[in-house]
Amino acid sequence: MKYSVSVFGLGFVGITTALAFAEKNHTVYGFDVDTKRTSLLKAGQLPFLEQGLDQALVRHINNKFMITDNAEDAVKNSDFVFLCVGTPSGERGEADLSYIFSAIEKFASVLHDGKHRVIVIKSTVPPSTTSERVIPHLKKMGLSPGDMFSVANNPEFLREGKCWDDAMHADRIVCGVEDRKGEDMLRSLYSDFDAPFFNVSLNTGEYIKYLSNTLLATMISYSNEMSKIADVIGDIQIKEAFEILHMDRRWGGSNMASYVFPGCGYGGYCLPKDTQAMYAASVSKGYEPMILKDVITINESMPQFMANKVMHVVNPSETLGILGLSFKPGSDDVRDSSSAKIIKLLLAAGYRNFIAYDPVANEAFDGQYHFSELEYCESLQSICEKSDALVLITAWQEFAGIDKKYPDKPFIDCRYFL
Ligand SMILES: NC(=O)C1=CN([C@@H]2O[C@H](COP(=O)(O)OP(=O)(O)OC[C@H]3O[C@@H](n4cnc5c(N)ncnc54)[C@H](O)[C@@H]3O)[C@@H](O)[C@H]2O)C=CC1
Ligand SMILES: O=C(O)[C@H]1O[C@H](OP(=O)(O)OP(=O)(O)OC[C@H]2O[C@@H](n3ccc(=O)[nH]c3=O)[C@H](O)[C@@H]2O)[C@H](O)[C@@H](O)[C@@H]1O
């Protein structure tokens, strides 16, 4: 069965979702409030670097994937409405749901027309959001799920840098949906994807997403805590110790072991905000999660820990080369990047002479952070030649072995990579 699908919010998740359904021959309408972004997409250009997704966009734009500025018309024609808008951190770390509500406002009036649709929350939202916030919000607008429409959540597990591959070869498809019609339609929509489909309660769907992201964050903070212990004891080869830990056959060669490895803290758009949001959601229900509290505290301490290492080795008058600006290799996303946090701390400590190089994210970093003290280099060689000391913050493969090429330069390796 081929469907029509509307996607609200055309970021990493929205564009990937839209194109994955287009690839399976469904008709997809995309809507975003950011008109600069929609103009780029209409012209077949991705607003960020994402391998595979760029070619999928060229294949489907203005064909199976149409960008529209008329949200109501898109929904009128659709069987499914996927909400993929951002859910950033609010003031107390809670998930800010305002983009979800503002997206719903844009098409709610259409839901009275008698056609049965499934409204699917794909954005990451804390457990009980669909049941206690979204459905009551709709009911207040005179819209009760049932004959008119179904409401479901469908968490997304993709990683940036691997969006397309993760979406097309998902490990599992999880749908929180509690009515038969909604479940049947979602099963049918996803039937072309070769992945097990799990139908769970609304709260469970949302919970599974946080199980995943909080575990990843916990593994990283555990590793960072262990690296701090090793540091105070001294004479411990931290990188080798973790590599030997990974040789335990019980890991089974799992890629997941790579999260049990120290660095300068987890970053990006999701792990920090999702860990905070799960903590806040639990506190709001009366239980303070102790492990998550420490996971967050350890993560927040890591930039200072690394800045202290830099201060130990480099004088404020020397020229410091920053290697890597994106939040992780393989991506040009600079949201919650460790480099920005470490540069801010060093600026506060009186350091002024920074130069930076990232294989893909110089421009995005400058656009987001506007550090007037920072100059950008166009190559690894030029930053190495111009710096008195180098701080490796993003473990791009290009940086492997660079310390051997410049044996006289001090390197502060925040990723235990060299
Ligand atoms: N980035 C990632 O790797 C993953 C993100 N997620 C979750 O998916 C959600 C979206 O994340 P990203 O795609 O990274 O966000 P993003 O920030 O890249 O994109 C969100 C888009 O929503 C648009 N938007 C905001 N309000 C809107 C409205 N009322 N109507 C239509 N569009 C609107 C924004 O202009 C923006 O283009 C978040 O909840 C995130 O936690 C889940 C899995 C992976
Ligand atoms: O909810 C989300 O948005 C997504 O968040 C993460 O994906 P992503 O933010 O793209 O980044 P990761 O590759 O997981 O990296 C997150 C942090 O962990 C660190 N990391 C990553 C991978 C690794 O092997 N080891 C490791 O320490 C990175 O440096 C980074 O700071 C999760 O991995 C995805 O499953 C999830 O869908």
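Quick notes on this one:
- Residue among E385, E373 that is without any contact (Cβ under 8 Å) to a residue 12 or more places away in the chain and either more than 21 Å from Y266 (Cα to Cα) or assigned by TED's automatic domain parsing to the domain that holds D54 (or both): E385
- Whenever a residue of segment 253-271 is over 18 Å from F327 (Cβ atoms), its partners that are outside any helix (DSSP H, G or I), lying with C-beta atoms within less than 6 angstrom and at least six residues away or across chains, give the pairs A257/H246.
- Complete set of residues in segment 320-340 that are in contact (Cβ under 8 Å) with a residue 60 or more places away in the chain and not in a loop (DSSP other than H, G, I, E, B): L320, G321, I322, L323, S338
Condition check ((1) in a helix (DSSP H, G or I); (2) over 26 Å from the mean Cα position of the chain (by Cα); (3) surrounded by 13 or more Cβ atoms within 10 Å (Cβ to Cβ)) across all residues:
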| residue | (1), (2), (3) |
| --- | --- |
| A230 | yes, yes, yes |
| I236 | no, yes, yes |
| E240 | yes, yes, no |
| I244 | yes, yes, no |
| R250 | yes, yes, no |
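- Check on D274, modelled with pLDDT of 95 or more and at negative phi: yes
- Whichever residue in segment 91-108 is outside any helix (DSSP H, G or I) and touching a residue at least 12 places away in the same chain (Cβ under 8 Å) and, among such residues, is surrounded by the fewest Cβ atoms within 10 Å (Cβ to Cβ): R92
- The sole residue among A307, A340, A356 that is under 24 Å from F261 (Cα atoms), small (G, A, S) and in contact with a Phe, Trp or Tyr (Cβ under 8 Å, 6 or more places away or on another chain) is A340.
- T16 within 16 Å of ligand 2 (Cβ to nearest atom), assigned to a helix (DSSP H, G or I) and assigned by TED's automatic domain parsing to the domain that holds V85: yes
- Some residue of segment 179-192 being in the same structural domain as A20 (by TED's automatic domain parsing), surrounded by 13 or more Cβ atoms within 10 Å (Cβ to Cβ) and assigned to a loop (DSSP other than H, G, I, E, B): yes
This table checks each residue for (1) out of contact with any strand residue (DSSP E or B) (no Cβ under 7 Å at 6 or more places or on another chain); (2) at positive phi; (3) not acidic (D, E).
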{"position": "D336", "(1), (2), (3)": "yes, yes, no"}
{"position": "K344", "(1), (2), (3)": "yes, no, yes"}
{"position": "L347", "(1), (2), (3)": "yes, no, yes"}
{"position": "Y351", "(1), (2), (3)": "no, no, yes"}
{"position": "L380", "(1), (2), (3)": "no, no, yes"}
{"position": "K386", "(1), (2), (3)": "no, no, yes"}
{"position": "I393", "(1), (2), (3)": "no, no, yes"}
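- Options Y287, Y279, Y266; residue that is under 22 Å from the mean Cα position of the chain (by Cα) and part of a loop (DSSP other than H, G, I, E, B): Y266
- Screening A257 on (1) under 19 Å from D413 (Cα atoms); (2) assigned to a helix (DSSP H, G or I); (3) within 9 Å of ligand 2 (Cβ to nearest atom) shows it passes everything except condition (1).
- Search result, residues across segment 381-396 that are of a type in the set (A, V, I, L, M, F, W, C) and in contact with a Lys or Arg (Cβ under 9 Å, 6 or more places away or on another chain): C384, A389, L390, V391, L392, I393, A395
- Counting only residues that are in contact (Cβ under 8 Å) with a residue 12 or more places away in the chain, surrounded by fewer than 20 Cβ atoms within 10 Å (Cβ to Cβ) and more than 16 Å from ligand 2 (Cβ to nearest atom), segment 48-59 holds 2 of them.
The values are calculated or read from the model by the stated rules, or taken from the named source; none is laboratory data. Bear in mind that the values here come from a model prediction, so they are computed numbers and not experimental data. All Cβ positions, glycine included, derive from the backbone under ideal geometry; neighbour counts span all protein chains shown.
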